[in-house]
Amino acid sequence: MERTMLKSALLYIATLIVIGVLAFKVDLPITDAQKILFCSVTKVMLVIAALCFIVGEISRNFSQVDKLWSLVPVLYAWVATVQGGMEPRMVLAASVATVWGIRLTFNFARHGGYSWKFWTGNEDYRWEHVRKMPGLGNPVMWALFDLGFISLYQNALLLGLALPIVLLHGTGEPTLVDYAIAALFIGFVLMESLADEQQQKFQNEKKRRIKAGQNLDGDYANGFISTGLWSRSRHPNYFAEQSLWVTFFLFSVSATGLLNWTIAGSLLLIMLFRASSNLSENIQAGKYPSYPEYQKRVPRFLPKIF
């Protein structure tokens, strides 16, 4: 597990370096107005990251970023849009991001992610496993991990997802391509919604059968869902989440005509989901004997068509 985390960290660093070099060599320089928008949303991000760290350390609940995952990209998008003069192209992108945010916030809330005591709520089960990794049991090392990865890195990544909207400033009215991108984005939101709904119904029925003392068969006996979208991909919700932010990046391509540095956000998200799913699947494989066979049969992210 340590080697996996080290490889992931090195891959993150290498990706940022490569993107920085390419941006310097071939990317168009951003305008002064776009720089102002970038600085504004970055300042907001740093304040949020600091609050996540402080609240997490005091409450010992390290899912503070998780509570904001569906909220802050929308916040950044609208901060940039409002400060950018509510240009129609920016409003379109911010609006579809808001649809994503509303849907994901609802899904997180129904799983007990929020509480009126905002610092409480369910903590992501994976942090318990991460805390057991060698070195992270030390309070100082865990605090550094909390500051560097949980609070700062994840919040910077969420900012990166919204940054393509900055490059829309000053680029004119939406085109047919922009509306097609918006429709594709919404399509992935619907796919993610369906995947989460199938998972929710499965888990509710499994818990009901266990509580009622009924015999478990099929997927219920296996312990995990492998039907519907989950028969095509082991993580259809993750696939949709990654795809919709790559799609959001395409707004900036439509506006500038070029691949650009804001692709960093969606690329880092893809790598984060790769590392996160590694951890989740190691836990699942240890918990459910039939899960390794499911791993062999069904792709991790990209759904099989036939």
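The values are calculated or read from the model by the stated rules, or taken from the named source; none is laboratory data. Everything numeric here is computed off the predicted structure, so don't read it as measured data. Virtual Cβ from ideal backbone geometry, glycine too; neighbours counted across all protein chains shown. Surface areas here come from the heavy atoms of the whole protein model, side chains and all, with no ligands, DNA or RNA. Shrake-Rupley method; radii C 1.70, N 1.55, O 1.52, S 1.80 Å.
Some points to look at:
- For region 247-262, the candidate set comprises residues that are hydrophobic (A, V, I, L, M, F, W, C) and at pLDDT 90 or above; within that set, the residue that is most open to solvent (accessible area, probe 1.4 Å) is Leu250.
- Residue-level check: of (1) part of a helix (DSSP H, G or I); (2) crowded, with 19+ Cβ neighbours inside 10 Å, Lys211 misses just (2).
- Residues in region 164-179 that are more than 10 Å from Thr256 (Cα to Cα) and in contact (Cβ under 8 Å) with a residue 40 or more places away in the chain: Pro164, Ile165, Val166, His169, Gly170, Gly172, Glu173, Pro174, Thr175, Val177, Asp178, Tyr179.
Quick grid of which residues meet (1) on the phi < 0 side of the Ramachandran plot; (2) aliphatic (A, V, I, L, M); (3) in contact with a strand residue (DSSP E or B) (Cβ under 6 Å, 6 or more places away or on another chain); (4) surrounded by 20 or more Cβ atoms within 10 Å (Cβ to Cβ):
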| residue | (1), (2), (3), (4) |
| --- | --- |
| Phe224 | yes, no, no, no |
| Arg232 | yes, no, no, no |
| Pro236 | yes, no, no, yes |
| Trp245 | yes, no, no, yes |
| Leu268 | yes, yes, no, yes |
| Leu272 | yes, yes, no, no |
| Arg297 | yes, no, no, no |
| Phe306 | yes, no, no, no |
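- Among (1) touching a residue at least 60 places away in the same chain (Cβ under 8 Å); (2) part of a loop (DSSP other than H, G, I, E, B); (3) not polar (S, T, N, Q) - the single one Met86 does not satisfy: (1)
- Restricting region 65-119 to residues that are β-branched (Val, Ile, Thr) and within 19 Å of Met191 (Cα to Cα) leaves a set whose member that is least open to solvent (accessible area, probe 1.4 Å) is Val96.
- Among the candidates Ile36, Ile30, the residue that is in a loop (DSSP other than H, G, I, E, B) and either modelled with pLDDT of 95 or more or more than 30 Å from Glu128 (Cα to Cα) (or both) is uniquely Ile30.
- The set of residues in region 187-201 that are buried (at least 16 other Cβ atoms within 10 Å of the Cβ) and either touching a residue at least 60 places away in the same chain (Cβ under 8 Å) or over 17 Å from the mean Cα position of the chain (by Cα) (or both) comprises Val189, Glu192, Ser193, Asp196, Gln198, Gln199.
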